[in-house]
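S.K.: Once you've had a glance at the structure underneath, I'll fire off some questions.
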Amino acid sequence: MLLFMNFTIPLEVSRVTETLETAGFEAFLVGGCVRDLIRGAKPKDWDVTTNATPEEILSLFPHTFYENSFGTVGVVSDETEDPTLKTIEVTPYRIESEYSDSRRPDTVTFSQNLTDDLKRRDFTINALAYSVSQGHLVDEFKGQEDIASGILRTVGEPSDRLTEDALRIMRAVRFHVELGFTLSRETEEAILKHGHLLEKISKERIRDEFSKILMSQQPMNGLLILKKLSLLQYIVPELEKTIGVEQNRAHSYDVWEHLLRSLQTAADKNWPLDIRLTALFHDISKPETRRWGKEQNTWTFYGHEVVGSRVTRKILNDLKYPNKLIDKVVTMVRWHMFFSDTEQISLSAVRRMIVNVGRDNIWDLMNVRICDRIGTGRPKEDPYRLRKYHAMIDEALRDPITVGMLKIDGKRLIEVTRGTPGPKIGYALHALLEEVLEDPTKNTTEYLENRSIELYNMNESELKKLGEQGKQIKEEVDLKEISQIRKDHRVK
Ligand code: ATP
Ligand code: MG
């Protein structure tokens with residue numbers, strides 16, 4: 001394997017290693033960024049390792065902050081827009097001595113020796129270091145070879161390394177799906193043996209790796225591996241109950257496979273975490289709500305979305321997801337059945353649904369429905385019906401044309417005209433509306449107040465005529481907007 005490589009390194013990064021070296025320290029890129037450079041992928045972040053102490057690092061860079069108790073210092077670059085370059089993490093060479101609880105090292109010792117630092121890293125593919133100034137790779141554990149053959153292998157004995165910090169079990173699965181690498185046989189065996197140690201890992205750390213698995217291109221594969229390695233029980237035990245639960249004729253798959261295929265559809269479409277979580281959990285309570293329907297002569301799942309929304313809240317709470325995300329996913333699970341009803345959906349039903357799920361979530365709910373449907377293995381959605389739903393949502397969301405749009409209301413109109421409540425006020429408002437529809441720049445308080453006085457001083461029958469004309473135009477504009485929406489969506 002080559003030890004001299006000419007990678008293109010962003011200026012923000014080489015400035016950091018150069019500053020350290022000019023001051024007489026060693027400095028190497030290390031971990032995921034080196035792995036990704038070798039793979040020809042864009043690094044997600046840049047980590048630097050050095051024999052300088054945290055205090056020495058802090059003194060070399062004006063724009064720094066102390067990140068954590070492991071001595072990591074964040075070096076901030078203000079000029080760049082690239083989020084992966086905003087903070088570059090610089091960490092002293094470290095030795096991790098004792099792990100008594102499968103979680104975190106008991107003590108962190110700094111070292112003067114790069115090899116010590118590489119030895120503590122999880123997988124060989126993550127244990128490479130690169131010197132920017134020398135264009136030189138340090139590869140003490142055959143990391144390049146494993147990258148080339150796509151193998152995940154722990155640095156050192158798998159059982160030791162996975163029991164030291166059991167999060168590495170999750171990381172192994174995560175790298176397996178993110179990179180498409182296979183687990184070495186020994187690593188897989190060690191995972192099977194020590195999977196239960198995940199019980200000791202904080203939910204937050206598990207959640208972060210779980211989210212990365214979901215956000216990969218192959219989350220279905222990730223869930224299948226978690227099942228195969230008997231790890232689901234430590235992450236989302238509720239999912240295990242869906243395995244092998246047979247459904248009715250509309251479904252080609254059991255509940256488990258349906259959920260996985262729905263999730264995979266969300267990934268294929270590059271949709272965000274909230275949709276992926278909803279796709280994965282939307283039918284989570286089908287097992288406990290399943291009843292044999294004598295009349296239907298098949299399985300029924302009445303209320304599964306109601307029970308499922310509660311179960312989803314519990315799952316996401318346990319994993320310590322942020323509340324805002326939880327609320328959104330739970331809401332979408334609760335209402336996911338809406339668009340799957342085959343009978344005609346009315347505009348007023350769509351309006352009510354928007355009240356239930358919220359204006360901001362309605363389009364995401366439509367996307368959940370797409371995941372659900374494709375995940376069922378049913379033929380592609382009738383494109384006309386899909387467009388029809390879109391048109392109805394647009395129509396329900398749009399603000400109707402009313403006198404409420406005016407920068408004056410009835411009360412103010414009475415004040416400025418010193419008028420009395422009665423039909424004249426309504427006529428005047430509609431007359432104003434007509435003018436504003438004609439010329440929107442007239443919708444200012446000043447213009448409308450002055451114009452109200454003129455209108456109110458007209459005789460009643462003349463004003464009535466103007467008002468009725470205004471009402472008619474309002475209705476025409478309203479209809480025109482609706483028919484434009486339908487035209488845009490190519491539906492009747
Ligand atoms: P990504 O591309 O997602 O950032 P990464 O490999 O850089 O992946 P990070 O979590 O950023 O992963 O960690 C940076 C490096 O720190 C890893 O490449 C690895 O060398 C080391 N590392 C991180 N977590 C652990 C751990 N739990 N045990 C041992 N080494 C770890
Ligand atoms: Mg990284």
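The values are calculated or read from the model by the stated rules, or taken from the named source; none is laboratory data. None of these values were measured; they are calculated from a predicted model. Neighbour counts are summed over all protein chains in view; Cβ atoms, including those assigned to glycine, are modelled from backbone coordinates with ideal geometry.
S.K.: Kindly provide the set of residues from the range 112-138 that are away from ligand 1 (no atom under 15 Å from the Cβ) and of a type in the set (S, T, N, Q), ordered by number.
M.R.: Hits for the range 112-138 are GLN112, ASN113, SER131, SER133, GLN134.
S.K.: Right, next: Only one of (1) part of a helix (DSSP H, G or I); (2) among the hydroxyl-bearing types (Ser, Thr, Tyr); (3) without any contact (Cβ under 8 Å) to a residue 40 or more places away in the chain is not met by THR420, so which one is it?
M.R.: (1)
S.K.: Which of the residues belonging to the range 27-72 are under 31 Å from the mean Cα position of the chain (by Cα), more than 16 Å from ligand 2 (Cβ to nearest atom) and farther than 24 Å from ILE151 by Cβ?
M.R.: HIS63, THR64, PHE65, TYR66, SER69, GLY71, listed by residue number.
S.K.: Mind counting the residues in the range 433-492 that are polar (S, T, N, Q) and under 28 Å from TYR389 (Cα atoms)?
M.R.: The total comes to 2.
S.K.: Sticking with this one: Report yes if some residue within the range 406-425 is within 18 Å of GLU476 (Cα to Cα) and touching an Asp or Glu at 6+ places or on another chain (Cβ under 8 Å); otherwise report no.
M.R.: No, there is no match, as no residue in the range 406-425 is within 18 Å of GLU476 (Cα to Cα) and touching an Asp or Glu at 6+ places or on another chain (Cβ under 8 Å).
S.K.: So, one more: Regarding the range 426-444, can at least one residue be identified that is buried (at least 17 other Cβ atoms within 10 Å of the Cβ), in contact (Cβ under 8 Å) with a residue 24 or more places away in the chain and β-branched (Val, Ile, Thr)?
M.R.: The answer is yes; a qualifying residue exists.
S.K.: Cβ-Cβ distance below 6 Å, separation of 6 or more or different chains: which pairs start in the range 30-43 with a residue that is touching a residue at least 12 places away in the same chain (Cβ under 8 Å) and more than 18 Å from SER133 (Cβ to Cβ) and end on one that is within 12 Å of ligand 2 (Cβ to nearest atom) and of a type in the set (Asp, Glu)?
M.R.: Cβ pairs passing all conditions: GLY31/ASP47; PRO43/ASP36.
S.K.: Follow-up question, since we're still on this one. Which helices (runs of 4 or more DSSP H) does the range 254-352 wholly contain that include 1 or more residues that are of a type outside the set (Asp, Glu) and touching a Gly at 6+ places or on another chain (Cβ under 9 Å)?
M.R.: 255-268, 273-281, 286-289, 323-334
S.K.: Restricting to the range 155-164, name every residue that is in contact with a helix residue (DSSP H, G or I) (Cβ under 9 Å, 6 or more places away or on another chain) and within 9 Å of ligand 1 (Cβ to nearest atom).
M.R.: VAL155, ARG161
S.K.: Touching a helix residue (DSSP H, G or I) at 6+ places or on another chain (Cβ under 9 Å) and over 19 Å from SER346 (Cα atoms): which single residue out of VAL491, VAL403 fits that description?
M.R.: Result of the check over VAL491, VAL403: VAL403.
S.K.: Right, here's the next one. Kindly establish whether LEU386 is in the same structural domain as TYR447 (by TED's automatic domain parsing), free of Cβ contacts under 8 Å to residues at least 40 places away in the same chain and in a helix (DSSP H, G or I).
M.R.: Judged against the criteria, LEU386 is not a match.
S.K.: Identify the single condition in (1) under 33 Å from the mean Cα position of the chain (by Cα); (2) over 24 Å from GLY24 (Cα atoms); (3) free of Cβ contacts under 8 Å to residues at least 24 places away in the same chain; (4) away from ligand 2 (no atom under 16 Å from the Cβ) that ASP106 does not satisfy, given that it satisfies every other one.
M.R.: (1)
S.K.: For the condition touching a Phe, Trp or Tyr at 6+ places or on another chain (Cβ under 8 Å) and over 25 Å from ILE354 (Cα atoms), what is the one hit in GLY426, GLY410, GLY419?
M.R.: The match here is GLY419.
S.K.: Under 6 Å by Cβ, and 6 or more places apart or on different chains, what pairs join a residue from the range 285-302 that is surrounded by 11 or more Cβ atoms within 10 Å (Cβ to Cβ) with one that is part of a loop (DSSP other than H, G, I, E, B) and aliphatic (A, V, I, L, M)?
M.R.: Going by the 6 Å Cβ cut-off, the qualifying pairs are PRO287/VAL245.
S.K.: Separate question: Kindly provide the set of residues from the range 110-164 that are closer than 21 Å to THR72 by Cα and within 16 Å of ligand 2 (Cβ to nearest atom), ordered by number.
M.R.: Result: ASP117, LEU118, ARG120, ARG121, ASP122, PHE123, ASN126, ALA127, LEU128, ALA129, TYR130.
S.K.: Among (1) in contact (Cβ under 8 Å) with a residue 40 or more places away in the chain; (2) farther than 23 Å from ASP36 by Cα; (3) among the acidic types (Asp, Glu), which single condition is GLU186 missing?
M.R.: Of the numbered conditions (1) in contact (Cβ under 8 Å) with a residue 40 or more places away in the chain; (2) farther than 23 Å from ASP36 by Cα; (3) among the acidic types (Asp, Glu), the odd one out for GLU186 is (1).
S.K.: Checking the condition surrounded by 12 or more Cβ atoms within 10 Å (Cβ to Cβ), closer than 30 Å to LEU365 by Cα and outside the structural domain of ILE370 (by TED's automatic domain parsing), which residue from ILE453, ILE414, ILE393, ILE482 passes?
M.R.: ILE482
S.K.: Just checking, does the range 222-241 include any residue being within 16 Å of ligand 2 (Cβ to nearest atom) and not assigned by TED's automatic domain parsing to the domain that holds THR278?
M.R.: No.
S.K.: Another question, then. Please pick out the residue among GLU79, GLU12, GLU18 that is within 16 Å of ligand 2 (Cβ to nearest atom) and acidic (Asp, Glu).
M.R.: That would be GLU12, the only listed residue that is within 16 Å of ligand 2 (Cβ to nearest atom) and acidic (Asp, Glu).
S.K.: Given the structure, is ILE453 touching an Asp or Glu at 6+ places or on another chain (Cβ under 6 Å), of a type in the set (A, V, I, L, M) and in a helix (DSSP H, G or I)?
M.R.: No: the conditions fail for ILE453.
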